[in-house]
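Take a look at the structure below.
The values are calculated or read from the model by the stated rules, or taken from the named source; none is laboratory data. In this text, all values refer to a predicted model and were calculated from it rather than measured experimentally. Cβ placement follows ideal geometry from the backbone for every residue including glycine, while neighbour counts extend to all protein chains displayed.
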Amino acid sequence: MPSIHNLERIAEIEFADIIAGTMFIDHKLRIFLTDSSFIDVNLSQRLPDKFGFHWERMNKTGEVFRYDNFPDPSWKNVSTYPYHFHNSTQEAVEATPFPLDVIKGFRAFMEFVRNKVRE
């Protein structure tokens, strides 16, 4: 599992065009975006290899996007379980369109964010 600092570095360097800043809140990384939304990056401290990338757009569009692999039994019917994607709302859960590897998945999630921010 990469460190949260590895993901911070990827965000700040590879996605500098949409990043306004970063900060740590306890064990989470918060990434502030140029459109006034934010992403919380969580690498679980208790469950090995569990992560969540949560993009909060409530102030802009009322949307929430999250890619995570926390084993929520509510989403057992999703083909990529425990990996799943909350697409626009907490309840709209589907198979993940992102790679299962944490680094590759983070980059793909950030690319998804970049594309939506530029719309």
Checklist entry - Taking the stated definitions as given, is Pro2 part of a loop (DSSP other than H, G, I, E, B), within 14 Å of Arg107 (Cα to Cα) and either at pLDDT 95 or above or not small (Gly, Ala, Ser) (or both)? => result yes
Checklist entry - Looking only at strands (runs of 3 or more DSSP E) that fall completely inside the range 9-93, which ones have 3 or more residues that are among the aromatic types (Phe, Trp, Tyr)? => result 51-57
Checklist entry - Is it the case that Leu100 is under 20 Å from Ile25 (Cβ atoms) and not in a strand (DSSP E or B)? => result no
Next on the checklist: Checking the structure you have, find out if any residue of the range 73-81 is hydroxyl-bearing (Ser, Thr, Tyr) and in contact with a Lys or Arg (Cβ under 8 Å, 6 or more places away or on another chain).
Outcome noted: no
Item to check | Every pair of residues 6+ apart whose Cβ atoms lie under 7 Å, when the first sits in the range 28-46 and is more than 20 Å from Asp101 (Cα to Cα) while the second is assigned to a strand (DSSP E or B) and among the small types (Gly, Ala, Ser) | outcome: Phe32/Ala20; Phe32/Gly21; Leu33/Ala20; Thr34/Ala20
Next on the checklist: For Gly105, only one of the following conditions fails: (1) touching a strand residue (DSSP E or B) at 6+ places or on another chain (Cβ under 6 Å); (2) buried (at least 16 other Cβ atoms within 10 Å of the Cβ); (3) among the small types (Gly, Ala, Ser). What is its number?
Outcome noted: (1)
Checklist entry - Across the range 65-119, what is the number of residues that are without any contact (Cβ under 8 Å) to a residue 40 or more places away in the chain and aromatic (Phe, Trp, Tyr)? => result 6
Item to check | Ser37 being hydroxyl-bearing (Ser, Thr, Tyr) and either touching a Phe, Trp or Tyr at 6+ places or on another chain (Cβ under 8 Å) or surrounded by 18 or more Cβ atoms within 10 Å (Cβ to Cβ) (or both) | outcome: yes
Checklist entry - When only residues in the range 49-74 that are farther than 24 Å from Asp35 by Cβ and out of contact with any Phe, Trp or Tyr (no Cβ under 6 Å at 6 or more places or on another chain) count, which is surrounded by the fewest Cβ atoms within 10 Å (Cβ to Cβ)? => result Pro73
